[in-house]
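Mind having a look at this structure? Questions to follow.
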Amino acid sequence: MNVIEVKGLVKKFGSFRAVDNISFEVDSGEFFGFLGPNGAGKTTTINILTTLLKPTEGRALVAGHDVSREKHKVRKSIGIVFQEGSLDDSLTAFEHLKFHGVFYDVPKKVYRARIEELLEIVGLEDRRNSLVKTFSGGMRRRLEIARGLIHRPRVLFLDEPTLGLDVQTRILVWDYIRSLGQREDVTIFLTTHNMEEAEFADRIAVIDHGNIIALDTPANLKKLVGKDIVMVQTAHNAQAKKEIKERWNVEAKEIDEHLVLEIENGPEFTPVLVRELSVAVEAISTRGVTLEDVFLHLTGRSIRDEGRDPESGFQRKLKIGR
Ligand SMILES: Nc1ncnc2c1ncn2[C@@H]1O[C@H](COP(=O)(O)OP(=O)(O)OP(=O)(O)O)[C@@H](O)[C@H]1O
Ligand SMILES: [Mg+2]
């Protein structure tokens, strides 16, 4: 049964189409990933589905309710974890959860038990009475996730839930999110521009410039690309690219100072390439396909090169400094 149904959804800001006619469905219990670079339209879509923003055109149903006409019913059916944190430093973990329960009209007995359950799930039992201002980024995120679940929503929306967390905390938060589907019987709708994160979704919609450019399981998306990826760096990439096209009829993509090739059998191909190119090969490697390659394959661009991501910005600076 579909718990989310979106048809012909458009959101314009002035004449700019931030969401440009998207349609998709999410099945009950599914872990659905919405993957795209900065500015692709992920948060805008979530804001529409959670009734915070009015669509310009099109229709969306969440838990069977229309997001434009039945806002209240939609809101009762969903939990939200925002991209920007939304906790109050001067409250304790317990107070946050309690206020949320009261706000959603959850009977006291029910929310009391529920708070215990959720504090345990997100590993914050010991910190129940600590002020949020003493929490680390990861603890804050986990508390926000618990809060989003107090009223047993059918769908939990998570907008970049691990943004800004260090790698270890990210993995920890990620483990909680992954186990939620099983423990809580909740449909998860998650946005991210982190490829590794998206790998865990049942299905992924790849969104770019407000359009869904692919929607499938991670495994099927990777099949779009083929088998292996060969990355090669040569003394003269433009010349190498030309030769690769002429000799093997493979379209190499230039990303930073590398050529990226989609190849059936990478390990077999690399020595042949090194031998037969007229230009010197400075570095070469082969690996399996990732979702990053899928995005590159579909758009011709790298998802990480899109600008505002602090990590990619850092990478760029390092390159310039070299
Ligand atoms: N209120 C607004 N007014 C004008 N433009 C907006 C508004 N909100 C978003 N946009 C624009 O719409 C586009 C999509 O923004 P959105 O926040 O949905 O992207 P996103 O995919 O969530 O990106 P990120 O990964 O950076 O969070 C961007 O170009 C953004 O600048
Ligand atoms: Mg966003």
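Where a number appears in this text, it was derived from the coordinates with a stated rule and is not lab data. Quantities reported herein were computed from a predicted structural model and do not represent experimental measurements. Glycine also receives a Cβ, built like all others from the backbone with ideal geometry; neighbour counts cover every protein chain displayed.
Can you return the aspartates and glutamates within cross-link range of K54? Criterion is Cα-Cα under 17 Å, with same-chain partners fewer than 8 residues away left out.
E5, D20, D66, E70
Could you work out how far helix 93-103 tilts from the main Cα principal axis of the chain, as a 0 to 90 degree angle to the nearest 10?
Rounded to the nearest ten degrees, it is 70.
Pairs to check: K71/K98; K12/K73; K42/K133; K12/K222; K71/K222; K7/K42. Give those whose C-alpha atoms are more than 27 Å from each other in this structure. Walk me through the numbers before you get to the answer.
Details: K71/K98 23 Å; K12/K73 25 Å; K42/K133 29 Å; K12/K222 32 Å; K71/K222 37 Å; K7/K42 16 Å.
Cα-Cα > 27 Å for K42/K133; K12/K222; K71/K222; rest within.
Right, next: Quick one: angle between helix 167-184 and the longest Cα principal axis of the chain, in degrees between 0 and 90, rounded to 10, please.
60 degrees
To make sure I understand the rule: partners must be lysines, Cα under 24 Å from the Cα of K242, and not fewer than 8 residues away in the same chain. Which ones qualify?
Hits, sequence-local ones excluded: K227, K253.
Could you tell me which residue out of G181, A205, F269 lies farthest along the dipole of the range 179-269 toward its positive end? Charges go on the beta carbon: Lys and Arg +1, Asp and Glu -1, centred on the Cα centre.
Positive-most Cα among the choices belongs to F269.
How do H96, H193 rank when sorted from fewest to most other Cβ atoms within 10 Å of their own Cβ? Mind dumping the intermediate values first?
On the way: H96 20, H193 25.
By the 10 Å Cβ count, ascending: H96, H193.
As a test of the formula, what do you get for the chain when each DSSP H run with n ≥ 4 contributes -39,500 (n - 2.57) and the sum is divided by the residue count, at 222 nm and rounded to the nearest 500 deg cm²/dmol? Intermediate results must be reported in sequence, preceding the final value.
Numbers: 12 runs with 127 residues, N = 322.
Theoretical 222 nm ellipticity from helices: -12000 deg cm²/dmol.
Output the relative contact order of the chain, whole-number percent, from Cα pairs under 8 angstrom with separation of 6+ residues.
Values: 594 pairs, mean separation 60.9, N = 322.
It comes to 19 percent, rounded to a whole number.
Nearest 10 degrees is fine. How inclined is helix 237-248 to the longest principal axis of the chain, computing both from alpha carbons?
80 degrees
Further question: Which whole-number percent gives the relative contact order of the range 45-190, counting Cα pairs below 8 Å spaced six or more residues apart?
On the way: 198 pairs, mean separation 38.8, N = 146.
RCO, the range 45-190: 27 percent.
If you take every residue apart from G138 with its C-beta less than 13 Å away from the C-beta of G138, what net charge results, scoring Lys and Arg +1 and Asp and Glu -1?
Values: positive: R127, R140, R141, R142, R170; negative: E144, D166, D175.
Cβ neighbours under 13 Å give a net charge of +2.
Between V274 and Q168, take the C-beta separation as r, use R0 = 51 Å, and let me know the FRET efficiency to the nearest 0.05. All intermediate terms of the calculation are to be shown ahead of the outcome.
Numbers: r = 38 Å, r/R0 = 0.75.
Result of the calculation: an efficiency of 0.85.
Work out how much length V281 to K109 would gain on full extension: take 0.36 nm times their residue separation and subtract the Cα-Cα distance, in nm to one decimal.
Values: separation 172, 0.36 × 172 = 61.92 nm, distance 6.85 nm.
Here the answer is 55.1 nm.
Also: If neighbour count is taken as other Cβ atoms inside 10 Å, put D216, D175, D208 in order from fewest to most. Intermediate results must be reported in sequence, preceding the final value.
Numbers: D216 15, D175 12, D208 21.
Going from least to most buried by this count: D175, D216, D208.
Pop the C-beta distance of K242 and I213 into the FRET formula with R0 = 25 Å and round what comes out to the nearest 0.05.
Working: r = 28 Å, r/R0 = 1.13.
Between K242 and I213 the formula returns 0.35.
For the residues K11, K76, K98, what sequence is obtained by ranking on other C-beta atoms within 10 Å, fewest first?
Numbers: K11 22, K76 15, K98 19.
Lowest count first: K76, K98, K11.
Right, another one. Restricting to bridges with both residues inside the chain, how much of the DSSP beta-bridge set is antiparallel, in percent to the nearest 5?
Close to 65 percent.
Taking only C-alpha pairs under 8 Å that are 6+ residues apart, what is the relative contact order of the range 211-271 in percent? Walk me through the numbers before you get to the answer.
Values: 62 pairs, mean separation 23.1, N = 61.
Across the range 211-271, relative contact order equals 38 percent.
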